[in-house]
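Everything on this sheet refers to the single structure shown next.
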Amino acid sequence: IAVFYLVYSSLLSRDTMYGRNRVFILFAVLSSLIFPFITIETGKPLNFLFFGKTLSEVLITGSSNGNMSEVGEIVASGWPKMLFIFYATGLLLFTARLILNLLELMILIRKRDKSGSNIIRFQGLNTAGFSAIGYVFINSRLSEGDAGEILKHEEYHLSRYHFFDILFM
């Protein structure tokens, strides 16, 4: 992921060919998911030079005198478990946020006027406009000129299905 990020930030971040950027980012994400499952076998083992000093073994054991706190016991015995709990908590929080955002979009869509248009005007959100699920959402506080520019921009996003890229990410 870091290599893909370095390539993107050094070569593509200022590129205005957004289609190329999109393909690269989607390729980077898919590759990052697939590459860990690829094993490269070599016919001859590689010899790496070792620079350093070998130290004698040290065996550290815990005492059962009861001085260790519960948190210390969890850290000492199960840091992989703590890491998993931290990861799972973040995953659950971001999933819950995604679901709430999608529900908010559905509420905005249901409240719209039934004119058959895919343009929905809203109030109260701290954004000028966005596009999602085949609709363009525009803040009703904008002037007609600003709304027209945002509409043109967001219709371009709709035609390129960028919302699904965001959901995929």
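If each DSSP helix of 4+ residues adds -39,500 (n - 2.57) and the sum is divided by the residues in the chain, what number results at 222 nm, nearest 500 deg cm²/dmol? Can you show the working numbers first?
Details: 5 runs with 88 residues, N = 169.
It lands at -17500 deg cm²/dmol.
Can you give me the long-range amide H partners of ILE120? Hydrogens built in the peptide plane at 1.01 Å from N, cutoff under 5 Å, separation of 5 or more residues or another chain.
Amide H to amide H, under 5 Å and 5 or more residues apart or across chains, ILE120 pairs with VAL136, PHE137, ILE138.
In whole Hz, with x marking every Gly and Pro, tabulate ³J(HN,Hα) for region 45-50 from phi via Karplus 6.51 cos²θ - 1.76 cosθ + 1.60, θ = phi - 60°.
Here the 3J(HN,Hα) series is x, 7, 9, 9, 6, 9 Hz.
Quick check: from the Cα gyration tensor, does region 122-169 come out rounded (a/c under 1.5), prolate or oblate? If you can, show how the numbers build up before the last one.
Numbers: a/c = 2.94, a/b = 1.63, b/c = 1.81.
Here region 122-169 falls in the oblate category.
How big is the accessible area of THR54 in square angstrom, nearest 10, if you roll a 1.4 angstrom probe over the protein chains?
Accessible area of THR54: about 120 Å².
Quick one: with all protein chains in place, what share of the accessible area of the chain is carbon or sulfur, to the nearest percent (1.4 Å probe)? Don't skip to the end; give the middle numbers.
Details: 9530 of 14540 Å².
The value for the chain is 66 percent carbon and sulfur by accessible area.
Could you provide, to the nearest whole Å², the per residue accessible area of the chain with probe 1.4 Å? Walk me through the intermediate numbers first.
Details: 14540 Å² over 169 residues.
That works out to 86 Å² for each residue.
With a ≥ b ≥ c the root eigenvalues of the C-alpha gyration tensor of the chain, is it rounded (a/c under 1.5), prolate (a/b larger than b/c) or oblate? Provide the component values of the computation, followed by the final result.
Numbers: a/c = 3.50, a/b = 1.79, b/c = 1.96.
In terms of gyration-tensor shape, oblate.
Rounding to the nearest 20 debye, state how big the charge dipole of the chain is about its Cα centre with +1 on each Lys and Arg Cβ and -1 on each Asp and Glu Cβ.
Dipole size: approximately 340 debye.
Add +1 for every Lys or Arg and -1 for every Asp or Glu among the other residues with Cβ under 13 Å from the Cβ of LEU158, and state the total.
Working: positive: LYS152, ARG160; negative: GLU154, GLU155, ASP165.
Around LEU158, the charge tally is -1.
From the phi of every residue in region 18-28, what ³J(HN,Hα) in whole Hz does the Karplus formula 6.51 cos²θ - 1.76 cosθ + 1.60 yield, where θ is phi - 60° and glycine or proline is x?
These are the phi-based 3J(HN,Hα) values: 5, x, 5, 4, 4, 4, 5, 5, 5, 4, 5 Hz.
The values are calculated or read from the model by the stated rules, or taken from the named source; none is laboratory data. No experiment lies behind these values; they were computed from the predicted model shown. Cβ atoms come from the backbone with ideal geometry, glycine included; neighbour counts cover every protein chain shown. Heavy atoms of the whole protein, side chains included, go into the accessibility calculation; ligands, DNA and RNA do not. Shrake-Rupley method; radii C 1.70, N 1.55, O 1.52, S 1.80 Å.
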